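*Asks:* Below is a structure I'd like to ask you about.
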Amino acid sequence: MRYVIIGNGVAGTTAAANIRKVDKEGEISILTDEQYPFYSRIRLMDYLAGEVDENGLIIHSQSWYDSNGISLFLKTPVQEVDRNNKEVVTAAGRYESQPRQRLKYEKLLIATGGVSFVPLIPGADKKGVFTLRTLKDAIEISNYAKSAEKVLLIGGGVLGLEAGNSLRKTGHPVAVVEFSSRLLPRQMDYEGAEMLKTQMEEMGFTFYLGAKSKEILGSDKAEGLLLEDGRKIDCDLIIISAGVRPNAGLVERLGIKLGKGLPVNDRLETEISDIYAAGDIIEHRGMFYGIWPASEKQGEIAGINMAGGNARYNGTVSSNVLKIANIDLVAAGDIDAEGKCECIIQKDRDRHVYRKLVIKEDVIAGCILYGSTADRRKVLKAIDEKRNISAIKKELERWNLDVL
């Protein structure tokens, strides 16, 4: 059996590992346009902070691919998939006059991941304006930051705050512009977000909330940001962190109609026979996840099924973990930002602790654990299992999570 995987992130690599567990003899090829073997995107923040080098980010070195009989093609972008002849066609000439190649497949996995979304802000193409998605991005930001003085983040989500904190550690003052009226709008309700903002201001962050970017100032390089309300923020390095979109160019050329991503069934199969998909490219049951745990599980399921198994993907509880200096935050499921649900809340402003369980029909539907995350595994397991908590609700109201 010939397997071809497009994409060397967590979904593609996990799929290859699971194929090999089932099929010991099949030919497995992984193609990626990056120049590095599988590395941790999660730890790119450590790289920005100068706490780890490029080699420290690598999860699987070349020896792992060799020992598992997997052919890794680095710096090999895919131009198209010939579905009729079951061939993957690589681009020609992008790296070192690389020749065009055609690789035969019997089972194909599309795991091209996501790309950073860049809003239509005039000046976004200027020097000193970056997005952060790959190790190449992190290296470019790190090099530019050596001669930069003030950093500005457009976007107050998880990625933006973590990137900002990394550059704060290297001595840069950091400002954050967020369109929403609160930080982490997907992970925090208003009360929790206000506590987080206060704590991060104490660390040296400056925030502009409910603010819309109008224009990036400067002639050929970034020198500041003009807001819609007329305020100007001085800076010379800007990171745009406005979310992730599926990297869908290859899929569009295949003629598949996209929703939030590339639609797949529970077996991670696309509408085209023998073509599977996993990771940040996909939409499953109307959901686009864009998080590492979901991509890893999807890669596992896709790999098993490509090798002849019959595994099912039933979704992933959407959760995020944020760690900035001494701040711990876990948010999962429905956080009830508008305060419409029954909730159990524990808060201590002096200690920067805010914990919330969202209850729907005697089931924990979501949580915010900020400042104290010791019991997160119990809470996340209860959410994932949709466990009925009616018999232990009184204990939970006393915040005794040992009963979970």
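*Asks:* Quick one: which of G69, G128, G113 is farther than 30 Å from E300 by Cα and in contact with an Asp or Glu (Cβ under 9 Å, 6 or more places away or on another chain)?
*Replies:* Result of the check over G69, G128, G113: G128.
*Asks:* Name the single residue that is farthest from N143 (Cα to Cα) among those in the range 31-77 being crowded, with 17+ Cβ neighbours inside 10 Å and among the acidic types (D, E).
*Replies:* D33
*Asks:* Residue by residue through the range 230-242, note down the ones that are more than 18 Å from P185 (Cα to Cα), in contact with a strand residue (DSSP E or B) (Cβ under 8 Å, 6 or more places away or on another chain) and either open to solvent by less than 30 Å² (accessible area, probe 1.4 Å) or not charged (D, E, K, R) (or both).
*Replies:* The answer is I233, C235, L237, I238, I239.
*Asks:* Next up: For the range 205-222, give me each residue that is in a loop (DSSP other than H, G, I, E, B) and either without any contact (Cβ under 8 Å) to a residue 40 or more places away in the chain or farther than 19 Å from E140 by Cα (or both).
*Replies:* Of everything in the range 205-222, those that are in a loop (DSSP other than H, G, I, E, B) and either without any contact (Cβ under 8 Å) to a residue 40 or more places away in the chain or farther than 19 Å from E140 by Cα (or both) turn out to be F205, G210, A211, K212, G218, S219.
*Asks:* Among the listed residues L184, L209, which satisfies the condition of being at pLDDT below 95, farther than 12 Å from I240 by Cα and not small (G, A, S)?
*Replies:* L184
*Asks:* Restricting the search to the range 334-348, which residues are open to solvent by less than 40 Å² (accessible area, probe 1.4 Å) and in contact with a Gly (Cβ under 8 Å, 6 or more places away or on another chain)?
*Replies:* I335, D336
*Asks:* Same structure again: Tell me yes or no: at least one residue of the range 67-86 is in a helix (DSSP H, G or I), at negative phi and touching a Pro at 6+ places or on another chain (Cβ under 8 Å).
*Replies:* No, because not a single residue in the range 67-86 is in a helix (DSSP H, G or I), at negative phi and touching a Pro at 6+ places or on another chain (Cβ under 8 Å).
*Asks:* Tell me, which residue of the range 183-204 that is assigned to a helix (DSSP H, G or I) and open to solvent by 50 Å² or more (accessible area, probe 1.4 Å) is farthest from I238 (Cα to Cα)?
*Replies:* The residue in question is E191.
*Asks:* Keeping to the range 260-279, report how many residues are open to solvent by less than 20 Å² (accessible area, probe 1.4 Å), touching a helix residue (DSSP H, G or I) at 6+ places or on another chain (Cβ under 6 Å) and part of a loop (DSSP other than H, G, I, E, B).
*Replies:* 3
*Asks:* Taking the range 117-127 as the search range and keeping residues that are touching a residue at least 24 places away in the same chain (Cβ under 8 Å) and either buried (at least 20 other Cβ atoms within 10 Å of the Cβ) or out of contact with any Lys or Arg (no Cβ under 6 Å at 6 or more places or on another chain) (or both), which one is farthest from V52 (Cα to Cα)?
*Replies:* P122
*Asks:* Every residue in the range 227-254 that is in a strand (DSSP E or B) and in contact with a Gly (Cβ under 9 Å, 6 or more places away or on another chain), please.
*Replies:* K232, I233, D234, L237, I238, I239, I240, V244, R245, P246 - these are the residues of the range 227-254 that are in a strand (DSSP E or B) and in contact with a Gly (Cβ under 9 Å, 6 or more places away or on another chain).
*Asks:* Still on this model: Mind telling me which of the residues S142, S180, S166, S147 ends up being among the hydroxyl-bearing types (S, T, Y), open to solvent by less than 30 Å² (accessible area, probe 1.4 Å) and assigned to a loop (DSSP other than H, G, I, E, B)?
*Replies:* None of the others qualify; the one that does is S180.
*Asks:* Follow-up. Among the residues of the range 349-404, which ones are among the small types (G, A, S) and either part of a loop (DSSP other than H, G, I, E, B) or open to solvent by less than 90 Å² (accessible area, probe 1.4 Å) (or both)?
*Replies:* Hits for the range 349-404 are A365, G366, G371, S372, A374, A382, S390.
The rows are residues; the columns are (1) under 18 Å from I239 (Cβ atoms); (2) not in a loop (DSSP other than H, G, I, E, B).
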{"position": "K21", "(1), (2)": "no, yes"}
{"position": "I28", "(1), (2)": "no, yes"}
{"position": "Y36", "(1), (2)": "no, no"}
{"position": "I42", "(1), (2)": "yes, no"}
{"position": "M45", "(1), (2)": "yes, yes"}
{"position": "N55", "(1), (2)": "no, yes"}
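*Asks:* Residue by residue through the range 210-229, note down the ones that are surrounded by fewer than 16 Cβ atoms within 10 Å (Cβ to Cβ) and among the aliphatic types (A, V, I, L, M).
*Replies:* L227
*Asks:* Residue under question is K257, and the condition is that it be open to solvent by 40 Å² or more (accessible area, probe 1.4 Å), of a type outside the set (V, I, T) and either assigned to a loop (DSSP other than H, G, I, E, B) or at pLDDT 90 or above (or both); does it hold?
*Replies:* When the stated conditions are applied, K257 passes them.
The values are calculated or read from the model by the stated rules, or taken from the named source; none is laboratory data. Source: prediction; values computed, not measured. Neighbour counts are summed over all protein chains in view; Cβ atoms, including those assigned to glycine, are modelled from backbone coordinates with ideal geometry. Please note that ligands, DNA and RNA were not included when accessible areas were found on the heavy atoms of the full protein model with its side chains. Shrake-Rupley method; radii C 1.70, N 1.55, O 1.52, S 1.80 Å.
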